[in-house]
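See structure below.
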Amino acid sequence: MQSPLPPILVHRDTLRIIDGNHRVEAAKLRGDTTILARLVGGSERDAFALAVRSNIEHGLPLSRADRLAAAAEILRSHPEWSDRAVAATAGLSPTTVAGVRRTLCPEAVAEEMRTGVDGRLRPVDPGAGRERVRQAILRSPQSSLRQLARETGVSPNTVRSVRSRMLRSQGPAPAEFPGPP
């Protein structure tokens, strides 16, 4: 008896194969009438992103043109994803994805927040949040870190950092976060 092939991925709602078309063909050639499958939920756009990521991780490698096209499609369907998140999914560099984003949708550069690889929401321009903290501290210098963090939408550690920089007569952001022009 032959060993079973690894399970394929199937989109639960549409029953479309997300990953494993070649395994299905191999199973047919072996004479198998069944194959293990793992059903995955989510939207069709999520299924597409999972298919791209699965193809990047194993199987026949996608060409650069295919990966660029996939990144563009992911940016259209998931504009809230960070450049790093799209890059990790499409097998490209974050810089390349940023270029695709600028070409595809120049207005998206103005977005305030994007979802990172870890699923957490992060500001596109971290300097803007630090400037909000600076303004809030000037208005209410005795407010607690947590209160200022809630008010400005940043972490207490960011508030602590800005407050510390202000006490040293420095700007609210280090050089790598220049803030708004």
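Beta carbons within 10 angstrom, averaged per residue: use that to sort the peptides 76-82, 48-54, highest first. Walk me through the intermediate numbers first.
Details: 76-82: 16.6, 48-54: 19.4.
Top to bottom by mean Cβ count within 10 Å: 48-54, 76-82.
Rounded to the nearest 20 debye, what is the charge dipole size of the range 52-161 about its Cα centre when +1 sits on each Lys and Arg Cβ and -1 on each Asp and Glu Cβ? The partial results should precede the final answer.
On the way: 17 positive and 12 negative charges, 87 e Å.
In debye, rounded to 20, the range 52-161 gives about 420.
Working with all protein chains in place, sort MET113, MET166 by solvent-accessible area computed with a 1.4 Å probe, largest first.
Working: MET113 75, MET166 50 Å².
The most accessible residue leads, giving MET113, MET166.
What full-extension length gain, to one decimal in nm, is calculated for ALA26 and GLN142 as 0.36 nm per residue of separation minus the Cα-Cα distance?
34.9 nm
Report the residue, chosen from ALA65, ALA87, ALA149, that carries the largest GNM mean-square fluctuation when the chain is represented by alpha-carbon nodes joined by springs under 10 Å.
Maximum fluctuation in the GNM of the chain, among the listed residues, is at ALA65.
Using just the helices of the chain, give the 222 nm mean residue ellipticity in deg cm²/dmol: DSSP H runs with n ≥ 4 each add -39,500 (n - 2.57), and the total is spread over all residues, rounded to 500. Numbers along the way, then the final one.
Values: 8 runs with 91 residues, N = 181.
It lands at -15500 deg cm²/dmol.
I'd like the FRET efficiency for GLU151 and VAL40, computed as 1/(1 + (r/R0)^6) with the beta carbon distance as r and R0 of 45 Å, rounded to 0.05.
On the way: r = 39 Å, r/R0 = 0.87.
E between GLU151 and VAL40, to the nearest 0.05, is 0.70.
Please list THR115, THR14 from largest to smallest accessible area, probe radius 1.4 Å, with all protein chains kept in place. Provide the component values of the computation, followed by the final result.
Details: THR115 30, THR14 55 Å².
The residues order as THR14, THR115, largest area first.
Which whole-number percent gives the relative contact order of the chain, counting Cα pairs below 8 Å spaced six or more residues apart? Please report the intermediate quantities before stating the final value.
On the way: 218 pairs, mean separation 23.0, N = 181.
Worked out over the chain, it gives 13 percent.
Along each principal axis of its Cα atoms, how long is the range 1-136 end to end? Whole angstroms, biggest number first, please.
71, 30, 23
Pull up the DSSP beta bridges for the chain and report the antiparallel fraction as a percent, rounded to 5. Mind showing how you got there, number by number?
Values: 5 of 10 bridges.
The answer is about 50 percent antiparallel.
Can you put THR89, THR103 in order of accessible area, largest first, using a 1.4 Å probe?
On the way: THR89 5, THR103 120 Å².
Highest to lowest solvent-accessible surface, that is THR103, THR89.
The values are calculated or read from the model by the stated rules, or taken from the named source; none is laboratory data. Model, not experiment: these values are computed from the prediction. Cβ sites come from the backbone with ideal geometry, for glycine too, and all protein chains shown count toward neighbours. The accessibility values were calculated without ligands, DNA or RNA, using every heavy atom of the protein model including side chains. Shrake-Rupley method; radii C 1.70, N 1.55, O 1.52, S 1.80 Å.
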